[in-house]
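What follows is a single structure, written as structure tokens, with notes after it.
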Amino acid sequence: MAQMSAEVYRTTRPGLLGAANVGETVQVAGWIQTRRDHGGIVFVDLRDSTGILQVVLDPEAASAPAAVLSGLRREYVISVTGAVAARGPEQVNPDLATGEIELVATELRVLSPSDPLPFQLDGRVDVDEALRLEYRYLDLRRPAMAANLQARSNAIRAMRRVLDGRGFLEVETPTLVASTPEGARDVLVPSRLRPGRFYALPQSPQLFKQLLMISGVDRYYQIARCYRDEDFRADRQIEFTQLDLEGAFWGQDEVLEVLEEVAVAVTRDLRGLELARPFPRLTWQEAMDRFGTDKPDIRFGMEIQDLSALFAATGFKAFAEVLAGGGTVRGINAGAQGLSRAGLDGLVERALALGAKGLVWMVVEEDGSLRSPVAKFLSDDEQAALGAALRVSPGDLLLVVADRFQVVAKVLGALRLDMGQPEGHDEIAFVMVTDFPMFEVGEDGSLTSMHHPFTSPEDVTEMAESPGTAASLAYDVVLNGAELGSGSVRIHNPEVQAKVFEVLGITEEDASRRFGWFMDALRYGTPPHAGFAYGIDRMVSILQDQPNIREVIPFPKTQTGADPLTGSPSRVEKEQLGELGIEIAPAVLAIWAEEESPT
RNA sequence: GGGGGCGUGGUGAAGUCUGGAGUUCACGCCGGCCUGUCAAGCCGGAGGUCGCGGGUUCAAAUCCCGUCGCUCCCGCCA
């Protein structure tokens, strides 16, 4: 079979052919999308990654025997030689890119047959995702999924184009790193050569890219796989991909400019849309005040209004007590929702679930008066002022929450999304959120980094003296209400870094043990630097109008971290564990035994 | 850790609330007819332990308990 190596399967591709090729003799190969067998003549839609082409198999013209033609089935892989012919005017298919032509076959070879499929690829029904994942290689043949893979590739290509054009150096950093038990749970990998020790898979290349800055790499980027062992969501997988970047002698403005350029290029390539620059910018406080969240969806208004001043002298006890206690009263005008009493009760329940002590709803009547369980507690002046503040029209639904600022923001922010978020994703609304707080204050008063502990404070003195309110040089990029990524100006001064650890309550000893190597590096001439990481899965899924990131990940895992195709995570042989010095806990072995017993 | 949804021939759904023969619809699959269809058409056929286990009942896809899987959300995600 020496001639096999010289065998020609195709001379062109199905989707590349058009009216210009009429009269040419070509050979194409691909999968049979559908077959229409008329007893004599047989039509086959031949599919590959370029598109679909109709092949006409006439038993009198084709050299293949009739038995072969009638034996063709979906997803058979075939190679066809024939003449490109124009279709008659009655036979043009306007729904097909190649609909003006067809291939009249003279020779057909079956390269691979296919078993009947476990599910249909035609996209007319939503197949159970577990089944799709078990047969992902079939799922990915569907044009919609192939388009997602293509879009992802296009996005990464656009990123590289922008950054390569700006002289960035692409550098790979390790994926077997030291565990830093802070932030997300690490994915751990046992070491064979040093039994009892573990690598962690990186949550991000953060410290390595900072080391690269110290190394003299001026501008760095990496398409970096990152790992966080936390619970799954529609937009969260245990492993995900980031565009990680960093620049020396940079401040926030330089980073944001590059981020915009990347976002513009990716949006252009994926959606053919030219975004206006600069992107809208909000400080964290503005975002929280107006939208109740640090990742605002600015495709619609329904902004939160502070009503505290308006109720300063209110006789309504619930509001007065909150205000006396330093809280705030805020509301949104949700517009004409036309909700039933049950619907309104549902909103109250939702507010309670979000942590509110209550939710005041009011519906604006035709005469401008307010229909509400609490209307009788509000003076005429208050009602009038409320109407003015929320710019009401008859039929509008007003939602008011009184509580601590954090609670009000969370509840109204969530209700705003419930009531107003657009269904489609026609609009692409990027927004930069800046001036994040340095720290998050826990219930017990403890401080944790809002971003990460290598983020520079805006003012070191302020940070030391009032860490609870101190601002940082951290920023996010938000797209349609989703956080696409975060970045910051980093600390390049070891004393400042030590101070941040101190404020975080990390002892000098702890800091030295965990990050001593990094603190040392900071002492050898560290340039000021700043950077960012874009979540590529999220960016592509939103730009592709996909409901979750699994649609743009070729081989994702299920919510319990499993891959139905390969069976990971799998048990391993005792011998393997022995080499690693690892034993399975008796409690786990008992569960295994129970699973295996046939009962 | 918690809350919600889903699980019915190969696929997708209806049936479940209000228990009464594995019933129905669409697609796919197999066979037959058919030489211009294009998600071809027409005729015929096969195919299901209603996720799994237990309980209630004369009787369970349907009610109850448990469990597994998938999914959405809260917590978590420096």
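Place a +1 charge on the Cβ of each Lys and Arg in segment A:301-420 and a -1 charge on the Cβ of each Asp and Glu, then give the dipole magnitude about the Cα centre in debye, rounded to the nearest 20.
So the magnitude is around 400 debye.
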### Summary
For the A:Asp115, A:Trp517 Cβ pair and Förster radius 60 Å, calculated FRET efficiency rounded to 0.05 is 0.65
### Task
Could you do me a favour and compute the accessible area per residue for chain A, 1.4 Å probe, result in Å²?
50 Å²
### Summary
Mean separation of Cα contacts under 8 Å (at least 6 apart) over the residue count of segment A:8-112, i.e. the relative contact order in percent, is 31 percent
### Message
Run lengths n ≥ 4 of DSSP H only: what is the helix-derived mean residue ellipticity at 222 nm for chain A, with -39500 (n - 2.57) per run over all residues, to the nearest 500?
### Response
-9000 deg cm²/dmol
#### Entry: Sum of side-chain charges, A:Gln150 neighbourhood, beta-carbon under 12 Å (Lys, Arg +1; Asp, Glu -1)
+1
### Query
Taking the Cα centre of each part, how many Å lie between segment A:346-421 and segment A:164-206?
48 Å
## Note on the structure
Given the candidates A:Ala414, A:Val363, A:Ala389, the one whose Cα lies deepest towards the positive end of the charge dipole of segment A:301-420, counting +1 at each Lys or Arg C-beta and -1 at each Asp or Glu C-beta, is A:Ala414
### Query
Just how much of A:Ser215 is accessible, in Å², when a 1.4 Å probe is used and the result is rounded to the nearest 10?
80 Å²
### Summary
Quick calc, chain A, dipole around Cα centre from Cβ unit charges on Lys, Arg (+) and Asp, Glu (-), nearest 20 debye, gives 1020 debye
### Task
Could you sort out which of A:Lys209/A:Lys574; A:Lys209/A:Lys295; A:Lys295/A:Lys557; A:Lys317/A:Lys410 sit more than 29 Å apart by Cα distance in this structure?
A:Lys209/A:Lys574
#### Entry: Point-charge dipole on Cβ atoms (K/R +1, D/E -1) for segment A:8-112, about Cα centre, debye to 20
340 debye
### Task
Output the antiparallel fraction of DSSP beta bridges having both residues in chain A, as a percent to the nearest 5.
95 percent
### Query
If you add up the charges near A:Leu580, with Lys and Arg at +1 and Asp and Glu at -1, over every other residue whose beta carbon is less than 12 angstrom from its beta carbon, what do you get?
0
### Query
Between segment A:225-249 and segment A:64-97, how many Å separate their Cα centres?
45 Å
### Message
Rounded to whole Å, give me the distance from the Cα center of segment A:258-308 to that of segment A:477-555.
### Response
21 Å
### Task
Summarise the accessible area of chain A (1.4 Å probe, protein heavy atoms) by the percent that is carbon and sulfur.
51 percent
### Task
Set Lys and Arg Cβ to +1 and Asp and Glu Cβ to -1, take the dipole of segment A:8-112 about its Cα centre, and tell me which of A:Pro59, A:Pro89, A:Pro14 lies farthest positive.
A:Pro14
## Note on the structure
Note, A:Val55: beta-carbon cut-off 9 Å, +1 each Lys/Arg, -1 each Asp/Glu, net -2
### Task
Report relative contact order for chain A in percent, whole number only (criteria: Cα-Cα under 8 Å, sequence separation at least 6).
13 percent
### Task
State, as an integer percentage, the relative contact order of segment A:393-551 based on alpha-carbon contacts under 8 Å between residues 6 or more apart.
19 percent
### Summary
Heavy-atom accessible area with a 1.4 angstrom probe orders A:Lys410, A:Lys357, most exposed first, as A:Lys357, A:Lys410
### Query
Rounded to the nearest 10 Å², what accessible area does A:Thr526 show when all protein chains are kept and the probe is 1.4 Å?
20 Å²
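The values are calculated or read from the model by the stated rules, or taken from the named source; none is laboratory data. Worth saying up front: this structure is predicted, and the values here are computed from it rather than measured. Neighbour counts are summed over all protein chains in view; Cβ atoms, including those assigned to glycine, are modelled from backbone coordinates with ideal geometry. Only protein heavy atoms, including side chains, enter the accessible area calculation; ligands, DNA and RNA are left aside. Shrake-Rupley method; radii C 1.70, N 1.55, O 1.52, S 1.80 Å.
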